[in-house]
């Protein structure tokens, strides 16, 4: 979306993608409410990948 010209953007597709992302983020949120990190009590590659997604 950031690099797509406004005239070429598809608002409906963007909304669908955000809805899918929200479902995945709610899974991560639930995990993080019970553990320090996504996979439990230790920092793993899962946390690195998740951090990258949140940074973008």
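The values are calculated or read from the model by the stated rules, or taken from the named source; none is laboratory data. Values in this document were obtained by computation on a predicted structure and should not be read as measured data. A quick note on method: Cβ atoms are made from the backbone with ideal geometry, for glycine too, and the neighbour counts reach across all protein chains shown.
Selection of first residues in segment 45-56 that are closer than 19 Å to residue 18 by Cβ and of second residues that are surrounded by 11 or more Cβ atoms within 10 Å (Cβ to Cβ) and at pLDDT 90 or above, restricted to Cβ pairs under 8 Å at least 6 apart or on distinct chains, gives the following pairs, ordered by first then second residue: 50/28; 50/38.
Of the residues making up segment 1-17, those that are assigned to a helix (DSSP H, G or I) and surrounded by 11 or more Cβ atoms within 10 Å (Cβ to Cβ) are 14, 16, 17. When we screen 10, 29, 47 for residues that are at negative phi and in contact with a strand residue (DSSP E or B) (Cβ under 7 Å, 6 or more places away or on another chain), the only hit is 47. Of note, residue 22 does not satisfy the criterion of being more than 18 Å from the chain's Cα centre (by Cα) and either free of Cβ contacts under 8 Å to residues at least 60 places away in the same chain or surrounded by 10 or more Cβ atoms within 10 Å (Cβ to Cβ) (or both).
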